[in-house]
Structure formats: structure tokens, C-alpha cells
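Written out below as C-alpha cells is the structure these notes cover.
The values are calculated or read from the model by the stated rules, or taken from the named source; none is laboratory data. Computed from a prediction, not measured in an experiment: that's the story for all the values here. Ideal geometry is used to build each Cβ from the backbone, glycine not excepted, and the neighbour counts take in all protein chains shown.
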Amino acid sequence: MKAVSPWRIPWTGGNVLGPALLFVAFVAIWETVVRLRDIPPLVLPAPSLVWESLVSHTRSGFLLIHLGVTLVEILLGFLGGSILGIGLGVGVALSPRLRGILHPYLIASQAMPKLALAPIFVMWFGFGILPKVLITALIAFFPLFENTVTGLNEVDGEALELFAALRASRWQTLRWLRLPNAAPYVVAGLRVGMILSLVGAVVAEYVGANRGLGALIIGSQGMMDTPLMFAVFVVLIVLGVVLYEMIGFLERRCLARRYRD
């Protein structure tokens with residue numbers, strides 16, 4: 001018998017049917033209101049127009065080019081932020097002195113709005129991919145750091161006493177007790193960090209980018225092509241769901257043994 005992970009909501013048929021019906025109803029109401037009230041596409045395009053724009057720009061490869069740029073920024077930023085967050089989290093959790101030194105700087109780094117750094121990074125590193133990756137990594141970093149520290153410190157006291165009685169080294173305690181205990185926390189941080197990476201990449205593209213989904217939103221706004229703008233929104237939503245479920249798949253694969261009887 002398998003126990004359900006407390007970190008994820010079980011995905012059942014009912015969980016699929018309910019959202020699907022709600023989505024269909026929402027789209028139907030949207031289409032009906034736009035047509036009955038004769039709302040101009042510039043103000044609010046009907047879902048049918050958004051779909052036509054999505055299909056035409058996807059077939060031409062136009063959307064796919066921008067999607068590829070944003071996806072690379074998301075993955076690189078997420079990877080960099082995850083490595084930095086988990087690495088620093090392990091160091092801070094195991095060294096109170098290091099925590100005392102870095103803690104005020106880590107809080108300060110999160111208090112500063114990341115969007116304010118985007119123009120500075122563009123001036124420093126140009127209009128290429130590097131500024132977007134850096135902004136994305138900074139945004140994804142903190143959830144991984146906090147969850148890693150929490151997971152490594154939330155260890156049962158009796159288990160720690162047992163490892164100490166067995167004269168386990170710090171590395172053995174970390175390897176066999178602290179890291180397994182922290183795994184669900186880290187995966188939860190990965191899920192949050194992935195979504196924040198998408199947001200970070202798109203926001204970074206608003207400043208000084210001519211490619212990517214964020215730049216395409218700004219461009220379509222300038223061209224007053226509202227259906228294209230909404231089509232990009234659809235792509236971002238689908239991309240976010242796919243990336244989130246990829247982390248969920250990783251969780252099910254890596255933590256399956258933890259939740260088996």
C-alpha cells in the first residue's frame with residue numbers, strides 16, 4: 001500500500017474533470033459576451049480570434065522562435081538559482097557562523113526588487129541572454145535556499161542523538177539523515193522556483209530584449225495586436241503548467257520510496 005505524499009495534491013479523474021468543465025464554461029462565456037456586446041478585438045479579443053492567432057503564428061514558426069529563447073533563459077536561470085540556493089542552504093544549515101555572516105545580505109538581496117536590477121544588468125552585460133538568466137537565477141534562488149535550510153534543520157532530535165551515539169561523522173549524518181529529511185522541502189522549493197523562473201525570464205525580457213515571449217508581449221502591445229498578446233499569454237500558461245508538472249514527475253520518481261509502506 002502506498003501513502004500519499006503530503007507535498008502534492010493527489011491527481012484523480014475528478015481533479016481533471018472539474019477544471020476542464022470550468023475552463024470550457026469560462027471560454028464559452030467570454031466568447032458570448034464579446035460577440036453580444038460587440039467588443040472590439042483591440043480591447044478584448046474573442047477566444048476564437050486568440051486561437052486563430054495562436055495557430056497561425058505557431059505554424060509559421062514565429063511563436064516557436066520566441067518560445068525557444070524564453071525556455072533557454074528559464075532553464076539556465078533555474079539551474080543556476082537552484083545550484084546556488086541548495087549549495088548555500090547546505091552551508092548555512094551546517095554552519096551557524098556562516099549563517100550569521102550571510103543572513104543580512106541574503107535578506108537584503110530579496111528586499112531589492114529584481115526588476116530594478118534589469119536595466120543595470122543590461123548596461124553591464126548587454127542585450128544578450130546573460131542579463132535575463134541572471135535575473136531569473138536571482139528570483140529562483142531564495143525559495144531553494146530557504147527550503148533547503150528548513151529541511152536540513154527540521155530533523156528529529158532523537159534521530160540526531162542516535163547518530164551521535166553511533167559516533168557518525170558530520171558527513172554521515174548529512175548523507176543518511178539530514179539530506180533524506182530535506183528532500184521533500186527541496187522539491188517543494190524546486191516547484192516554486194520553476195514558476196518564479198518563468199516569471200523572472202518574462203519580466204527580464206520586458207527590459208532590453210528583442211526576442212522571447214516577454215519581448216513579444218511588448219511588441220504586440222506596440223503593434224496593437226491584442227489577439228497575439230493573448231496568444232502569448234496562453235503559451236506562457238501552458239509552459240508554466242508543463243514545467244511545474246516536470247518537477248512533479250521528478251518528485252514522484254525521486255521520493256517514491258519515501259512514501260511507500
Looking at (1) more than 19 Å from THR148 (Cβ to Cβ); (2) at pLDDT 90 or above; (3) of a type in the set (A, V, I, L, M), find the lone condition where VAL43 falls short.
(2)
Quickly run through the range 74-109 and pick out the residues that are in contact with a helix residue (DSSP H, G or I) (Cβ under 8 Å, 6 or more places away or on another chain), within 30 Å of LEU236 (Cα to Cα) and modelled with pLDDT under 85.
LEU106, SER109
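Which of the residues that make up the range 51-82 are of a type in the set (Asp, Glu) and either part of a loop (DSSP other than H, G, I, E, B) or under 16 Å from GLY128 (Cβ atoms) (or both)?
Of everything in the range 51-82, just one residue is of a type in the set (Asp, Glu) and either part of a loop (DSSP other than H, G, I, E, B) or under 16 Å from GLY128 (Cβ atoms) (or both), namely GLU73.
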Of everything in the range 18-50, what is closer than 19 Å to MET223 by Cβ and either surrounded by fewer than 11 Cβ atoms within 10 Å (Cβ to Cβ) or aromatic (Phe, Trp, Tyr) (or both)? Give them in sequence order.
PRO40, LEU42, VAL43
Helices (runs of 4 or more DSSP H) (entirely within the range 142-261) containing at least 2 residues that are within 19 Å of the chain's Cα centre (by Cα), under 29 Å from VAL72 (Cβ atoms) and touching a residue at least 60 places away in the same chain (Cβ under 8 Å)
179-205, 213-222, 226-254
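I'm checking my understanding of the structure. Among residues of the range 136-194 that are among the acidic types (Asp, Glu) and at pLDDT below 75, which one is nearest to TYR244 (Cα to Cα)? Working first, answer last.
So the first thing to find is which residues in the range 136-194 are among the acidic types (Asp, Glu), and the list is 146, 154, 156, 158, 161.
Now restrict to residues that are at pLDDT below 75: 156, 158, 161.
On the way: ASP156: 30, GLU158: 35, GLU161: 37 Å.
So the residue we want is ASP156.
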What residue, of GLY128, GLY85, GLY100, is assigned to a loop (DSSP other than H, G, I, E, B) and of a type outside the set (A, V, I, L, M, F, W, C)?
GLY128
Could you tell me which of the residues ALA201, ALA215, ALA231 is touching an Asp or Glu at 6+ places or on another chain (Cβ under 6 Å), aliphatic (A, V, I, L, M) and closer than 23 Å to LEU49 by Cα?
ALA215
